[in-house]
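So the structure is just underneath, and the comments pick up after that.
We did not get these values from a lab; they are worked out from the coordinates using the rules stated. Only a predicted model underlies this, so the values are computations on that prediction, with no experimental measurement involved. Please note: Cβ atoms are built from the backbone with ideal geometry, for glycine as well, and neighbour counts cover all protein chains shown.
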Amino acid sequence: MSNQYAGITEYYDLWVTSGYYNYQSIAKEIHSIVGNGSQVLELGVGTGLLAEKYIEIDPNCKFTGIDFSPSMLEIAKKRLGNRVSLIEADAATLDLNATFDVAISNGGVWGILNLGDRWEFGGHIPGVEDNRQGLSNLGRHLREDSLLLLHLQKPHESYVKHLSEGIIYSQFIQEVEDTADYHTFQKNYFFKKDGEILAQEQIMITCFKPDISRKILSESGFAFHGTSDGDHFAIYKRR
Ligand SMILES: C[S@@+](CC[C@H](N)C(=O)[O-])C[C@H]1O[C@@H](n2cnc3c(N)ncnc32)[C@H](O)[C@@H]1O
């Protein structure tokens, strides 16, 4: 299966906790929308860093995380034990016997690319139909009027960053395809030390042009509802 994070799992936490994400503030932003005691579904829970902060803020919530990368889930399980329900599943074909008050994706399965004058829905799943199907499946896991919070992301850029212990992180973005409906780009991740590659991964991201984005979301039953206070999320409501 493509777009899994197996190649860089070992270094993922070091990178994202070195200034890439502030999980504490993201968790607070979610909680301010969702409130106490909710049933939360994280799409692409990864190593569980956001889940950990969220359940610290609201120990009474019922938090479920799904992910299709076994290596990422393994770290999440070590981190969270049985405080969270962790399930290996592909969001494109989600079929859990459960319903939730809110679904969130932070750099996970789906997101919204904020290009200033326009927004593009997209993420790790390629193809209009698979995304529509995935979102419709998700809709069946959400109660009426419940929310979908999609990370509002700035355009991805190529850069190099020094992490601790002499490890150097770099990401290179390469445009791959640009069609009337969508564009795709490859995100190449590298972790190096003393000139040697410690770990690498290649992820393909698909972003749909604004009209198609609106169509996919609306035909899957999601209506735009605003943005979160810190503008980290675009909020959609399940009709
Ligand atoms: C960049 S990580 C983000 C992890 C976590 N949300 C965080 O904030 O650190 C993206 C995660 O989404 C998962 N993912 C991507 N596509 C997926 C899919 N179709 N179904 C389930 N998980 C998926 C990947 O395996 C990876 O763990």
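For this structure, a couple of remarks:
- Greater than 25 Å apart at Cα, pairs in Lys77/Lys215; Lys28/Lys62; Lys187/Lys237; Lys28/Lys237; Lys62/Lys209: Lys77/Lys215; Lys187/Lys237; Lys62/Lys209
- Karplus 3J(HN,Hα) series, Hz, for the stretch 155-162 with 6.51 cos²θ - 1.76 cosθ + 1.60 (x for Gly, Pro): x, 6, 10, 7, 6, 10, 9, 7
- The slack in the chain from Glu177 to Met204, taken as 0.36 nm per residue of separation less the alpha-carbon distance, amounts to 8.7 nm.
- Exposure proxy for Thr206, Thr93: other Cβ atoms within 10 Å of each Cβ, ordered fewest to most, give Thr93, Thr206.
- Applying 0.36 nm per residue to the separation of Asp117 and Ile87 and subtracting their alpha-carbon distance, the gain on full extension is 7.1 nm.
- Positive dipole terminus of the chain, leading residue within Gln4, Gln133, Ile30 (C-beta point charges): Ile30
- Using just its DSSP H runs of length 4 or more, each adding -39500 (n - 2.57), the chain gives a mean residue ellipticity at 222 nm of -7500 deg cm²/dmol after division by all residues.
- Charged side chains reduced to their Cβ positions (Lys and Arg at +1, Asp and Glu at -1) give the stretch 25-108 a dipole of some 280 debye around its Cα centre.
- Within the stretch 86-126, backbone nitrogen closer than 16 Å to the virtual label 7 Å beyond the Cα of Lys215 toward Cβ: 120-122
- Listed residue (Phe222, Phe172, Ile205) projecting farthest to the positive dipole end of the stretch 95-239, Cβ model: Phe222
- Between amide H atoms placed 1.01 Å from N, distances below 5 Å from Ala103 occur with Leu41, Leu147, Leu148, Leu149, all of them 5 or more places distant or on a separate chain.
- Compactness relative to 2.2 N^0.38 Å, alpha carbon Rg of the chain: 0.97
- Loop exposure criterion: GluC sites (Glu not before Pro), DSSP state outside H, G, I, E and B, at most 13 other Cβ atoms within 10 Å. Applied to the chain, the longest stretch between such sites is 1-156.
- Remark on Ile125: its backbone amide H falls under 5 Å from those of Thr206, a criterion applied only to residues 5 or more positions apart or on other chains, H modelled at 1.01 Å from N.
- When only alpha carbons are used to place a centre, the stretch 182-239 and the stretch 20-48 end up 17 Å from one another.
- Basic side chains Lys and Arg get +1 at the Cβ, acidic Asp and Glu get -1 at the Cβ, and with that the dipole of the stretch 84-230 about its Cα centre reaches some 200 debye.
- Between His156 and Gln133, the simple label model (points 7 Å from Cα in the Cβ direction) yields a spacing of 2.3 nm.
- Restricting the stretch 58-145 to trypsin sites (Lys or Arg not before Pro) in coil, as DSSP defines it, with at most 14 other Cβ within 10 Å: Arg83, Arg118
- Rounded to the nearest whole Hz, the Karplus-based 3J(HN,Hα) values (6.51 cos²θ - 1.76 cosθ + 1.60, θ = phi - 60°) of the stretch 6-22 follow the sequence 4, x, 10, 3, 4, 10, 4, 4, 4, 5, 6, 9, 9, x, 6, 10, 9, with x at glycine and proline.
- Computed from backbone phi with θ = phi - 60° and the Karplus coefficients 6.51, -1.76 and 1.60, the 3J(HN,Hα) list for the stretch 201-210 is 7, 10, 10, 9, 10, 10, 10, 8, 4, x Hz; x is used for glycine and proline.
- Nonlocal amide H pairs with Gly65, under 5 Å, H built at 1.01 Å: Glu42, Ser85, Leu86, Ile87
- Arranged from fewest to most other beta-carbon atoms within 10 Å of their beta carbon, Met204, Met72 become Met204, Met72.
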